[in-house]
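The following block contains the structure, expressed as structure tokens.
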Amino acid sequence: MLDLQFICENRELIEANCRNRGVAVDVAAIVALRDRRSELIQQEDGLRHEQKEASSLIPKTKDAAEKQRLIARGKELREQISRAEADRKQAEDELRALQATVPNLSHPDAPIGGEDASRTIRTWGEPKSFDFKPLDHVELAAKHDLIDFEAGARVAGSGFYFLKNEAALLELALVQYAAHKAIAKGFVLHTTPDVARDEVLHGIGFSPRGPEAQTYSIADSELSLVATAEITLGGSLKDEVLDVAKLPIRMAGISHCFRTEAGAAGRATRGIYRVHQFTKVELFAFAAPNLESSNALHADIVALEEEIFQGLSIPYRVIDTATGDLGGPAYRKFDLEAWMPGRGEYGEVTSASNCTDYQARRLGIRCKSPDRKGTEFVHTLNGTAVAVTRALIAILENYQQADGSIVLPEALRGWIGKDRIG
RNA sequence: GGAGAGAUGGCUGAGUGGCCGAAAGCGCCGGAUUGCUAAUCCGGUCUAGUGCGUUAAGCGCUAGCGGGGGUUCGAAUCCCCCUCUCUCCGCCA
């Protein structure tokens, strides 16, 4: 969510940014509602002031008739106030709903346009050329009994799976590997709840309920299964006021991720590329509220993601995501796309966003600086250390051999206890 | 799951209907004093909304005592619901 005053004072900027992001927002309606809200607040505050005065006179008043008159006046004011309050609340609800539709500002260097406009800013490693026809991860998994899709479907439906044998060990190894990489860079490792309050999901930018919900909600509760530990890590400091000297705060979180993938039918559904549940190590950071700090931290997060994939010797490219594809909260987003021989193309394996103060404002996460009055909303950033299913695809497909066996990345062997599958 | 006790400012902790945004202490900031340090003394020290002010300093008003509702002219204080914490019992990986 953006600051209301900022929106109203920078209409052209906001409108242009919404156009770049392909989002339709009625800024004029926001301004009008803001003005209406101000009027209602003034009216309400005036009534309250009068009421306070009247009631403070009552205990001092000796004259019985005068006292009765003041009490009657107080009653009258109470009713007026409750009406004024209802009006104000309604205007505020409408305003907040509209305000929430305004996406974050965009980094001036982010490419403008839809998904096609996204720019490759660098590539690492060469897509491996095989002197045989490479199999995709589904075929490889079948060959080595690594993934049971049928069992997943039987137990939980399409989109769920069981990892078996070395694949299960690979999940543990990848989590260990990524967690240690993150720890080495100062991220404090957490395991987090796999559920969160809808309010927290909303603060991070997910729609937990309703037709466009991307998450599973738990019946008869205000809880949803988390789609990423970004939700729980970001929510962990909800409504807190932090000391700016303690920033940045770096966290890593291991969680399961649950996604309904509503509307994704038919898109890359083969195998474990797009599933309803996977395990992920997520990076999250709270930065001081200025772009110098958060942009620098953003670069650090991307560098760590790259280090993780370089350590696995998997070729990848880094994408500077176009404005139209940023989603609401991100100011700028870099994705790592790993080479996936089975698909014959790059596939997204990580995503790192600088959300500036957009999430923090809705979550109420602020910081206090000694040299200025009041508080400011912190900047938040998130990135993927490793998303197990996507990384697994890249490993199985890149490390396959002519004889059908799969060599394991050196970095993971210690945790798996062997150097190849098959 | 059952029984009980709690939730007040950065912290500790008073306050059980109006004079309370809230005593006191601690902490923190500024100043005084002081060979240095310590100690002592004085002053200051929450957040948000809103209005005036030049998008300033600042001043005013309103709100906030876990959250939400209610009673009342008036609620930190009384009532109801919820959440969370602690203690005991039960259950359990």
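Here, each number is a calculation from the coordinates, and none is a lab measurement. Just so you know, these numbers come straight off a predicted model, no measurement behind them. Positions of Cβ are generated from backbone atoms using ideal geometry, with glycine treated the same way; all protein chains shown enter the neighbour counts.
Within 13 Å, Cβ to Cβ, of A:ALA72, how many net charges do the neighbouring residues add up to if Lys/Arg are +1 and Asp/Glu are -1?
Values: positive: A:LYS67, A:ARG69, A:ARG73, A:LYS75, A:ARG78; negative: A:GLU66, A:GLU76, A:GLU79.
Net charge in that neighbourhood comes out at +2.
Any aspartates and glutamates with Cα under 12 Å of the A:LYS238 Cα? List them, leaving off those in the same chain fewer than 8 positions away.
Once the sequence-local aspartates and glutamates are set aside, what remains near A:LYS238 is A:GLU199.
A follow-up question, please. Binning every alpha carbon pair distance of chain A at 20 Å from zero, what are the percents per bin?
Pairs per bin, as whole percents: 23, 49, 20, 7, 2, 0.
Over segment A:247-308, what lengths in whole Å, largest first, do the semi-axes of the equivalent ellipsoid take, defined as the square roots of 5 times the eigenvalues of the alpha-carbon gyration tensor?
Values: eigenvalues 183, 33, 30 Å².
Each semi-axis is √(5λ); the values are 30, 13, 12 Å.
Dipole of chain A, Cα-centred, from +1 at each Lys and Arg C-beta and -1 at each Asp and Glu C-beta, to the nearest 20 debye?
In debye, rounded to 20, chain A gives about 920.
Between A:SER313 and A:GLU139, what is the label-point separation in nm under the 7 Å Cα-to-beta-carbon projection?
Distance between the two pseudo-spin positions: 2.3 nm.
What's the long-distance tail for segment A:4-99, i.e. % of Cα pairs beyond 16 Å? Could the numbers behind the result be given before it?
Details: 2934 of 4560 pairs.
Taking all Cα-Cα pairs of segment A:4-99, the fraction more than 16 Å apart is 64 percent.
Further question on the same structure: Largest first and in whole Å, what are the equivalent-ellipsoid semi-axes of segment A:28-172 based on the Cα gyration tensor, each being the root of 5 times an eigenvalue? Numbers along the way, then the final one.
Numbers: eigenvalues 962, 131, 34 Å².
Over the Cα atoms of segment A:28-172, the semi-axes work out to 69, 26, 13 Å.
Could you tell me which of A:VAL244, A:PHE206, A:ILE406 has its Cα farthest along the dipole of chain A towards the positive end, charges placed at Cβ (Lys, Arg +1; Asp, Glu -1), taken about the Cα centre?
My answer, from the dipole projection, is A:VAL244.
Here is a further query. Over chain A, with a Gaussian network built from C-alpha contacts below 10 Å, which listed residue (A:LEU336, A:LEU381, A:LEU242) shows the highest mean-square fluctuation?
Of the options given, A:LEU242 has the highest mean-square fluctuation.
Using only helices, what value at 222 nm comes out for chain A when you add -39,500 (n - 2.57) per DSSP H run of length 4 or more and divide by the total residues, to the nearest 500 deg cm²/dmol? Intermediate values should be presented prior to the final figure.
Numbers: 13 runs with 179 residues, N = 422.
Here the helix-only value at 222 nm equals -13500 deg cm²/dmol.
Among A:LEU396, A:LEU140, A:LEU77, which one moves the most in a GNM of chain A with springs linking Cα atoms closer than 10 Å?
In the Gaussian network model the winner is A:LEU77.
Here's another thing I want to ask about it. Express in % the proportion of alpha carbon pairs of segment A:319-422 at distances exceeding 18 Å.
Numbers: 3405 of 5356 pairs.
For segment A:319-422, the share of Cα pairs beyond 18 Å comes to 64 percent.
Given R₀ = 41 Å, FRET efficiency for A:GLU50-A:VAL23 by Cβ-Cβ distance, to 0.05?
On the way: r = 43 Å, r/R0 = 1.06.
The calculated FRET efficiency here is 0.40.
Continuing with this model, one more query. Normalising by the residue count of chain A, find the relative contact order in percent from Cα pairs under 8 Å and 6+ residues apart. Spell out each step's value before the answer.
Numbers: 808 pairs, mean separation 81.5, N = 422.
Rounded, it is 19 percent for chain A.
Please tell me the relative contact order of segment A:4-99 in percent, rounded to the nearest whole number, where contacts are Cα pairs under 8 Å and at least six residues apart. Spell out each step's value before the answer.
Working: 54 pairs, mean separation 34.0, N = 96.
Across segment A:4-99, relative contact order equals 35 percent.
Okay, moving on. Can you pull the semi-axes for segment A:368-422, root of five times each eigenvalue of the Cα gyration tensor, sorted largest first, whole Å?
Details: eigenvalues 426, 30, 9 Å².
Largest first, segment A:368-422 gives 46, 12, 7 Å.
Same structure again: Please list, or write none, the lysines whose alpha carbon is within less than 21 Å of the alpha carbon of A:LYS185, excluding same-chain residues fewer than 8 places away.
A:LYS246, A:LYS280, A:LYS333
For segment A:157-176, list residues with backbone N below 17 Å from a point placed 7 Å from the Cα of A:ARG270 toward its Cβ?
A:159
OK, next. Under 20 Å from the Cα of A:LYS143, which lysines turn up, not counting those fewer than eight places away in the same chain?
Reachable lysines: A:LYS133, A:LYS164, A:LYS418.
Only bridges with both residues in chain A count here: give the DSSP antiparallel percent, nearest 5.
On the way: 52 of 59 bridges.
Antiparallel bridges make up about 90 percent of those DSSP assigns within chain A.
Could you work out the relative contact order of segment A:187-260, using alpha carbon pairs under 8 angstrom and six or more residues apart, expressed as a whole percent? Don't jump to the answer; show the numbers that get you there.
On the way: 124 pairs, mean separation 32.0, N = 74.
Relative CO of segment A:187-260 lands at 43 percent.
Out of A:ILE365, A:TYR346, A:ILE254, whose Cα points farthest toward the positive end of the dipole of chain A (charges: +1 Lys, Arg; -1 Asp, Glu; placed on Cβ)?
A:ILE365
Select from A:HIS276, A:HIS49, A:HIS379 the residue whose mean-square fluctuation is largest in a Gaussian network model of chain A (Cα-Cα springs shorter than 10 Å).
Comparing A:HIS276, A:HIS49, A:HIS379 in a Gaussian network model of chain A, the most mobile one is A:HIS49.
While we're looking at this one, here's another question. Any idea what the dipole of segment A:4-99 comes to, in debye rounded to 20, about its Cα centre with Lys/Arg Cβ at +1 and Asp/Glu Cβ at -1?
On the way: 19 positive and 19 negative charges, 81 e Å.
Rounded to the nearest 20 debye, it is 400 debye.
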